[in-house]
Structures are given as structure tokens and as C-alpha cells.
Amino acid sequence: MRQSNLFTKTKKEIPADETSKNAELLIRGGFIYKEMAGVYSYLPLGLRVLKKIESIIREEMNAVGGVEMKTSVLQSKEIWEKTNRWDDNEVDIWFKTKLKNGGEVGLSWSNEEDFASILKQYVSSYKDLPLYLYDFKDILRNEVRSKSGILRGREFYWKALYSFSRDETEHNDFYEKMKIAYQNVFKRAGIGHVTYLTFASGGAFSKYSHEFQTITSAGEDTIYVSEDKAIAVNKEVMGDEVLASLGLEKDKLAEHRAIEVGNIFTLGTGKPDALGLFYTDKNGEKKPVFMGSYGIGLGRLMGTIVETLADDRGIIWPESVAPFKVHLLALGEGEEVLKKAEEVYKKLSNKFEVLFDDRKDLSAGEKFADADLLGIPYRVVISERSIKEKGVELKKRAEEKGRVVSLEELLDLLVPSH
């Protein structure tokens with residue numbers, strides 16, 4: 001992509017109504033656009049990041065046997081009434097609307113009931129199970145307060161997987177696989193080193209759950225981390241009973257602020273019972289399906305990456321989720337520089353995703369500042385100096401200084417080693 005064709009522009013000023021680092025940097029960099037409090041549009045650069053995150057999650061879900069589908073945003077009142085979660089006294093974050101021909105529908109704030117209702121048409125025997133179904137979709141929650149940029153919104157994009165097992169033992173086997181799959185997601189997204197499996201409350205879903213919490217000063221949760229066991233406990237469930245069950249001692253735990261980037265729940269048989277999702281076992285006995293729920297907010301993960309890894313100059317994207325691998329800058333408007341930059345752009349684009357800063361009438365300082373803000377992993381500069389030295393200047397985003405290398409050496413350096 002040529003930066004001159006990118007309709008978004010970087011901004012120097014900090015948005016007046018944003019206090020979080022992720023919103024400030026993502027808006028200034030042209031990754032997102034704020035529609036209203038808690039609602040953001042993803043612009044071309046932001047969408048590229050979101051799709052990279054989606055791809056990582058999809059690969060890890062498929063690796064454990066997940067099957068992708070797509071469910072509707074409009075939700076049937078009758079289905080949710082069966083589990084008593086249509087009542088605003090039970091769930092107070094619904095967006096609801098009236099149909100023109102009569103009746104009321106809700107807009108998805110979660111998806112357990114919908115998946116279970118669909119499976120009633122397809123599951124009848126133990127031979128039909130287990131099933132691990134997931135989708136990516138927009139979720140809407142009528143929060144009283146929306147804050148922290150894309151970490152907590154009224155509209156957000158998530159992945160939810162639901163497991164449907166024959167019994168608790170079968171469910172537990174898959175649940176352990178999902179713990180590893182989620183750890184793989186966060187490792188691949190560049191924040192695995194500061195993300196912990198965390199024992200927590202199940203909220204509206206179950207008594208207890210497991211969260212994945214990323215340590216950062218921007219976090220809204222307090223967790224207590226055991227470095228030895230690589231697990232943590234959320235402050236909201238901290239107590240002797242919980243600590244004893246996990247084999248932890250409070251005085252050996254470190255307190256941190258953290259952001260929840262994912263969660264997994266054991267749901268059990270309550271919703272299948274209420275919705276009539278049963279199967280017949282080998283002995284001909286009718287039994288309810290045993291459910292689990294596994295969620296990740298993609299925007300929240302994107303915002304957490306920014307909060308965790310950014311420096312005072314801007315964003316630092318891990319290569320796995322960066323909108324482009326290489327940011328190519330042409331400095332100066334001399335014919336030789338422009339010709340060389342075009343040549344390098346064509347060669348790089350054959351192998352890598354490249355954002356080419358071909359904009360005119362900008363100083364080197366302005367281009368460097370924009371490159372730091374956008375946070376693309378590798379910066380390659382073509383200038384009169386680099387041409388004289390018969391190469392290009394290469395610098396990683398997190399490094400202070402670059403170095404001149406030949407084009408052949410550049411191509412070799414950009415290929416990841418295994």
C-alpha cells in the first residue's frame with residue numbers, strides 16, 4: 001500500500017475526550033475512528049490488525065477441533081426467556097428493539113442460548129457429540145459507562161466458542177486443551193510473557209471461571225500472581241478457600257494491575273436443561289448436554305497489545321499482528337531517490353506486506369515521527385545517504401539506531417528464522 005493513497009492521516013494532538021493510551025495512539029495513528037462513547041469504527045490500518053488477530057485465533061480454535069460458523073445478531077426473546085436471561089433484572093445490558101410486524105427482539109450481548117437452540121435440531125444421540133462450535137461476531141452491550149478506549153465498549157468484535165460434551169469428564173478434557181489454546185493465542189499475539197491464567201468469578205455465566213489477565217498499569221482488575229506456578233487469582237475471589245484449592249500462599253503472591261483479555265467457563269447442564277438440548281446415551285437414557293464457553297474480545301486484545309508494548313513515541317506492533325511488516329520511507333524528492341525507492345518497493349512487495357511512505361512535501365522528521373507512531377516492525381529508509389553507501393537503512397521499531405545493509409541482505413534479514 002502507498003501511504004499517499006491511504007485516506008487516513010496521523011494526528012499530533014491527543015483526543016480531548018480520551019484518557020487511555022490505546023485510544024490516544026490508535027486514533028492519532030488512524031487505526032480507529034470514534035463514533036460515540038464506547039463505539040469505534042476500524043479504519044484500514046486497524047482492520048488489518050484486527051484480521052491478523054482473527055487469523056491467529058481461528059488457527060488455534062481449529063487446531064483443537066473447533067468448527068466455525070456464523071450466528072445472527074438478532075436474538076429471539078422466547079429462547080432467552082427459557083433461561084431467565086431476557087429479564088432486565090437478570091441481565092441489564094440488553095439492547096432490545098421492536099419488529100414492525102409486532103414482537104420484540106434483542107441484539108446479541110452473548111451467545112450461549114443461540115448456539116444451544118440451534119443444536120436442538122442436530123443433536124439427539126451420543127454419537128452426535130462432542131461438538132466445538134465458534135463464531136466471530138459483533139456484540140452489543142448497553143453499558144452505563146464505557147471507558148478505556150477499545151478495552152471496554154458498547155459494541156465490540158469477539159470470538160466465542162461453545163463446547164457441547166456428553167459429560168463432565170469429556171468437557172474437562174477439552175477445557176484443559178482450551179487453556180493451552182488461549183495461551184498460544186496470547187503468546188503469538190506478543191503478550192504471552194505478561195499474561196496469566198487467572199482464577200476468577202463466573203459473573204452471569206457460572207460460579208467460577210478462568211480469565212487470562214495481562215499485567216499493565218492500565219488494567220481495571222487487581223490480580224495476585226504466583227510466578228512459580230504461572231497462575232494468578234483475581235482479587236474479587238481472593239480467599240482462603242480459593243488459595244487452598246490452588247495450593248497457593250498469599251504472602252508469596254505479587255499484586256498487579258491487569259487487563260482481562262480472555263475467559264473460559266464451565267457452564268454445565270443448566271442451559272441445555274432449560275432449552276431442551278438432550279441426547280440419548282449408549283443405554284438409551286436421555287441426558288442433558290454438558291456445555292462450556294470460551295470468549296476473546298478481538299478489539300480488547302488489540303488495545304491491550306498497544307497498552308502493554310507502546311513506548312513514548314508510539315505503538316510497537318508484534319510482527320504477528322502488525323498491519324504491515326515493512327514501512328518503506330523515501331526521504332527527499334530527488335529523481336535518484338524516488339527511482340530507487342520504487343525499485344525497492346517492488347522487490348519487497350513480492351515477498352512481504354509493505355507500507356510505502358511515498359508522500360511528498362514532508363520532512364524526514366515528520367516521516368520518522370509517523371513511522372514511530374504507526375509502529376510497523378521494520379523501517380526501511382531510502383535516501384541520498386543510503387544510496388551513496390550502496391544500500392538501504394534498516395531499523396527495527398524498538399531499536400534506537402538503524403544500519404545500512406544491501407538490498408540482498410535486507411531480503412534475507414526480513415525472512416523469519418525457525
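The values are calculated or read from the model by the stated rules, or taken from the named source; none is laboratory data. If you're wondering where the values come from, they're calculated on a predicted model, not measured in any experiment. All Cβ positions, even for glycine, are placed from backbone atoms using ideal geometry, and neighbour counts span all protein chains on display.
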- request: Give the residues of the range 388-403 that are buried (at least 16 other Cβ atoms within 10 Å of the Cβ) and outside any loop (DSSP other than H, G, I, E, B), sorted by residue number.
  value: Val392, Glu393, Leu394, Lys395
- request: Kindly establish whether Thr83 is part of a loop (DSSP other than H, G, I, E, B) and more than 18 Å from the chain's Cα centre (by Cα).
  value: yes
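For (1) of a type outside the set (Lys, Arg); (2) modelled with pLDDT under 95; (3) more than 30 Å from the chain's Cα centre (by Cα), each residue gets a yes or a no:
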{"position": "Thr308", "(1), (2), (3)": "yes, no, no"}
{"position": "Ile315", "(1), (2), (3)": "yes, no, no"}
{"position": "Leu328", "(1), (2), (3)": "yes, no, no"}
{"position": "Gly334", "(1), (2), (3)": "yes, yes, yes"}
{"position": "Leu338", "(1), (2), (3)": "yes, yes, yes"}
{"position": "Glu342", "(1), (2), (3)": "yes, no, yes"}
message: Restricting to the range 349-371, name every residue that is closer than 22 Å to Leu25 by Cα, over 31 Å from the mean Cα position of the chain (by Cα) and outside any helix (DSSP H, G or I).
response: Arg359, Leu362, Ser363
query: What helices (runs of 4 or more DSSP H), lying completely within the range 226-311, carry at least 2 residues that are without any contact (Cβ under 8 Å) to a residue 60 or more places away in the chain?
result: 240-246
- prompt: When Ala230 is evaluated against the numbered criteria (1) hydrophobic (A, V, I, L, M, F, W, C); (2) farther than 30 Å from Ala37 by Cα; (3) surrounded by 15 or more Cβ atoms within 10 Å (Cβ to Cβ); (4) not assigned by TED's automatic domain parsing to the domain that holds Ser117, which criterion, by number, is the only one it fails?
  reply: (3)
task: Take Ser55 and decide whether it is exposed (fewer than 15 other Cβ atoms within 10 Å of the Cβ), free of Cβ contacts under 8 Å to residues at least 60 places away in the same chain and within 29 Å of Asp114 (Cα to Cα).
output: yes
message: Just to verify a result, which residue in the range 352-362, among those that are over 13 Å from Val381 (Cα atoms) and at pLDDT below 95, is surrounded by the fewest Cβ atoms within 10 Å (Cβ to Cβ)?
response: Asp361
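Yes/no matrix, rows are residues, columns are (1) in contact with a His (Cβ under 6 Å, 6 or more places away or on another chain); (2) closer than 17 Å to Gly402 by Cα; (3) free of Cβ contacts under 8 Å to residues at least 12 places away in the same chain:
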residue	(1), (2), (3)
Lys340	no, no, no
Lys347	no, no, no
Asn350	no, no, yes
Val354	no, no, no
Asp357	no, no, no
Ser363	no, no, yes
Phe368	no, yes, no
Arg379	yes, yes, no
Lys390	no, yes, no
task: Would you mind finding the one in Leu161, Leu133 that is surrounded by 21 or more Cβ atoms within 10 Å (Cβ to Cβ) and either in contact with a Leu (Cβ under 8 Å, 6 or more places away or on another chain) or in a loop (DSSP other than H, G, I, E, B) (or both)?
output: Leu161
